[in-house]
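Since the structure comes first, as structure tokens, the remarks are kept for the end.
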Amino acid sequence: GMLEHVNALEGERPQEALNYYLKCALRPSPEGTADLSEVFTSHLDKIVACLGSSDEQVVDLAVNLFEAVLEQRLGLELVAKPELHPLLDSCVHHPNVKLRRIVLNAFLRLAGIVPRGIVALFESDNISTVFNLLRDEDTGIAQKAHDVVVQLMQSPVAHERFNQSAHLIAQLNSLVTLKSDKAGTDLAVRIMDCFADAAALSNEASFRFCEATGILDDIVSGVVTPTADILMLLNYLVLLQKILASDLGVPFLQTRPQVFPRIAGLVCHEDPSIAGFGMQFMADFCKKGDEQCGMAIEHEWLKKLFVIICDDDTPLDVLQGAAEAIGYMASTAVGLSYLLDSSEVFHAYANLLLPSSRSPREVRTAVLHSLAAIFDSQSTPEAQLQSAFEFLFSGSVGGRRFEELLEARRNFDNDMRMGALHLLHAVAGHPFGALALARAEGFLAWLTNRLNENEKEGLEYKFGIGQKMHKSVEAISRELGGEASMGLRVFVQLGPFSGGERM
């Protein structure tokens, strides 16, 4: 019966044979599975030939058969057979998008079987096919190919196989460097994206392999090399950000000193998108720790940001990014120390909290959140944070900033109000901040009134402020009396969402 159906595949009505095999795949039986294995192993060329039929019904049946078979264990065994690779290769280049996705899905499943599936992918040379599919015009296919490569990058078995396959490394590097047209450029970016994603996994073996291929250095080179191609530069910056996301990305970048002056220059780029990415990179790099913030200061990143916030012509979104970057740099002890010593920079940054034509709500909201990052820091010494608080909120100008902070907690704009509550929450975690808030006229009455905030996030912030201030309740009681501290105790005891009248 099986031979009869095989012969029918080449006849005038292959539908009957395809239907038979599809039935075997959908309702497995020992006999049917044996027939499927035989026809796919020895006569796959006949099924592939059906994919070229002018009859759409025949093509659909053949595609559905591939889908039904390749979703089974039998399908994975067939995909792993080296002798079937040329025919499978023709399937992943078939015009039918569904077919290409079906075969790629099988490759992806095979890549997750360690080590047998990965070994099979290499021995059947399906890896080269996957690389080529990164250039597929269908974005879904290209993304699926990307997923297969990233899956492979997580396995030392794949790293070893790559290292034993010089032609694959050569193929990768040639595809990355060949950017003669848009298609070639898009493919290069997709390959680099695969390796950047794999590097971002914080798996040391994956990162070291990606580094050894030279592709991570290709990304660095793309960032530091001057270009008029804004889109390409943006692509490189996105990829660089992925490298930085890995714990191993920081030491990697620190040994590529050419990155830092380039980033300093990009934050002043005429294109706001480029400037924004530059500042985001600055902030993320400095958040890694004091050593990284020290490098940023050494490369004069803060000076560059100071120029931006003092320039009246700076676009508002760039100004907002600069404010965020300065705050995150100051969330480290080294960065805060630098700002305290550079009072002109610190004042210019903090004064963005005050309403002006250069400080609309969006900018002031960014400043509120970035100031909160300073006081949320777990590594900065308490004495240094107290000095920062006094610098920011004492004296005539500091007093105005403190008034603006207190006023912002009632702002009708949700984003700005949450920014203010975030900063108040951060400040309340320190005895000096808790006392300053308790002294502020009407603050405790506002805090313990549960009817003046409707947002869940806002109620949680308020309760968190109360909890933090409660840790300093004895000092508050000594200064303001037992009634004030009692109201705070009751507020904390009732929890964040309890209803009630003003206490």
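The values are calculated or read from the model by the stated rules, or taken from the named source; none is laboratory data. Because the structure is predicted, anything quoted here is derived from the model rather than measured. Calculation scope for accessible area: heavy atoms of the full protein, side chains included, ligands and nucleic acids excluded. Shrake-Rupley method; radii C 1.70, N 1.55, O 1.52, S 1.80 Å.
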Query raised in the report: Using alpha carbons only, how many degrees (0 to 90, rounded to 10) separate the axis of helix 97-111 from the longest principal axis of the chain?
Result: 80
**Report entry** Residue-level accessible surface for Glu123, protein heavy atoms, 1.4 Å, Å²
**Finding:** 110
Report summary line: In this structure, among Lys144/Lys304; Lys23/Lys144; Lys287/Lys468; Lys242/Lys462; Lys303/Lys471; Lys288/Lys468, pairs with alpha-carbon gaps over 31 Å are Lys144/Lys304; Lys242/Lys462; Lys303/Lys471
Query raised in the report: For semi-axes √(5λ) of the Cα gyration tensor in Å, which listed value, (1) 45, 27, 23; (2) 60, 29, 19; (3) 63, 36, 25, comes from the coordinates shown?
Result: (2)
Query raised in the report: Based on DSSP H runs of at least 4 residues, each adding -39500 (n - 2.57), what is the mean residue ellipticity at 222 nm of the chain after dividing by all its residues, to the nearest 500 deg cm²/dmol?
Result: -22500 deg cm²/dmol
Report summary line: Taking Cα atoms only, helix 382-393 is inclined relative to the longest principal axis of the chain by an angle, in degrees rounded to 10, of 70
Query raised in the report: In terms of the Cα gyration tensor, with a ≥ b ≥ c the square roots of its eigenvalues, is segment 42-171 rounded because a/c is under 1.5, prolate because a/b exceeds b/c, or oblate?
Result: prolate
Report task. Pop out the carbon and sulfur fraction of the accessible area of the chain as a percent, whole number, probe 1.4 Å. Result -> 50
Query raised in the report: Quick one: accessible area per residue over the chain, 1.4 Å probe, rounded to a whole number of Å²?
Result: 43
Report task. Please tell me the relative contact order of the chain in percent, rounded to the nearest whole number, where contacts are Cα pairs under 8 Å and at least six residues apart. Result -> 6
